[in-house]
């Protein structure tokens, strides 16, 4: 019985994923998902409660799938150099979005909607549960590298690294049209893209530290 319930739940999640990707959160309905999954709408309400909670469960399912394949090991090593944490954040994020073959993971495709196409009412919960933890680790690493003291500068520097990284996926069509050849098609190409993006980010962060230290010397602080 438990195995049957698990199979039904997974079937609903799979079909809900496709409906949310096709229609977006706001246009998708429980009735559409029930029809696609060939179950009664009441059964979806029994398992998930309402559309928002179903959507959250879909995001969690794909986030767990991505994080299982591309784990957040760098977050659990307090002795890791901050530069390595920046590189790990970039590589982890690109792999979770693109997938090893560059076609886009379920998590990546759903996050396209949350990044601006049609964000849901659950966007704050989704961000907190999925990319909140690695982003906080990134922010801590940036603070160590730059020596930045004020929270506003740290928020902006963190946003710059996050933005640079996710835009390789979210703006891939634009990048392809403008520059060509920037959409990775294999794990090796993602590794190479991640390495160069890491070089760029770390050069900028070290430059910020040097600038801050020079200004402090000039002020005599």
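We did not get these values from a lab; they are worked out from the coordinates using the rules stated. All values derive from a computational prediction rather than experimental measurement. Because the Cβ atoms are built from the backbone with ideal geometry, glycine has one as well, and the counts that use them run over all protein chains shown.
Structural remarks
- Computed FRET value (nearest 0.05) for residue 83 with residue 27, which takes r as the C-beta separation and R₀ as 41 Å: 0.40
- Taking region 2-49 and dividing mean pair separation by its residue count, relative contact order in percent (alpha carbons under 8 Å, at least six apart): 36
- Helix 132-146 vs. the chain, principal-axis angle (Cα, 0 to 90°, nearest 10): 0
- Put simply, when 176-183, 189-196, 39-46 are sorted by average Cβ atoms within 10 angstrom per residue, most first, you get 189-196, 39-46, 176-183.
- When only Cα pairs below 8 angstrom with a gap of at least 6 residues are kept, the chain shows a relative contact order of 22 percent.
- Here the chain was treated as a single set of alpha-carbon atoms; its pair distances binned every 5 Å from 0 give 1, 6, 13, 16, 16, 14, 11, 8, 6, 4, 2, 1, 1, 0, 0 percent.
- Computed from label points 7 Å out along Cα-Cβ, the spacing between residue 50 and residue 14 is 2.9 nm.
- Choice from 47, 169, 55 with maximal GNM fluctuation in the chain (Cα, 10 Å cutoff): 47
- Residue order, fewest to most beta carbons within 10 Å, for 18, 218: 218, 18
- Packing-based exposure ordering (other Cβ within 10 Å, fewest first) of 67, 74, 200, 98: 200, 67, 74, 98
- Cα gyration tensor category, rounded, prolate or oblate, for region 122-221 with a/c compared to 1.5: oblate
- Cα→Cβ-extended label distance, 7 Å offset, between residue 69 and residue 125, nm: 2.6
- Our estimate of slack between residue 195 and residue 41, defined as 0.36 nm per intervening residue step minus the Cα-Cα distance, is 50.7 nm.
- Neighbour-count order for 113, 175, fewest beta carbons within 10 angstrom listed first: 175, 113
- Helix 82-98 axis, angle to the chain major axis (alpha carbon atoms, nearest 10°): 30
- Förster-model FRET efficiency, 25 Å R0, residue 203 and residue 133, C-beta, rounded to 0.05: 0.45
- Angle between the chain longest axis and helix 51-69 axis [Cα atoms, degrees, rounded to 10]: 60
- Extended-chain gain in nm, criterion 0.36 nm per residue less alpha-carbon gap, residue 219 and residue 152: 22.0 nm
- Cα convex hull of region 2-49 - mean projected area over all directions, nm²: 3.0
- Ellipticity at 222 nm from helices only: DSSP H runs of n ≥ 4 in the chain, each -39500 (n - 2.57), divided by the residue count, give -25000 deg cm²/dmol.
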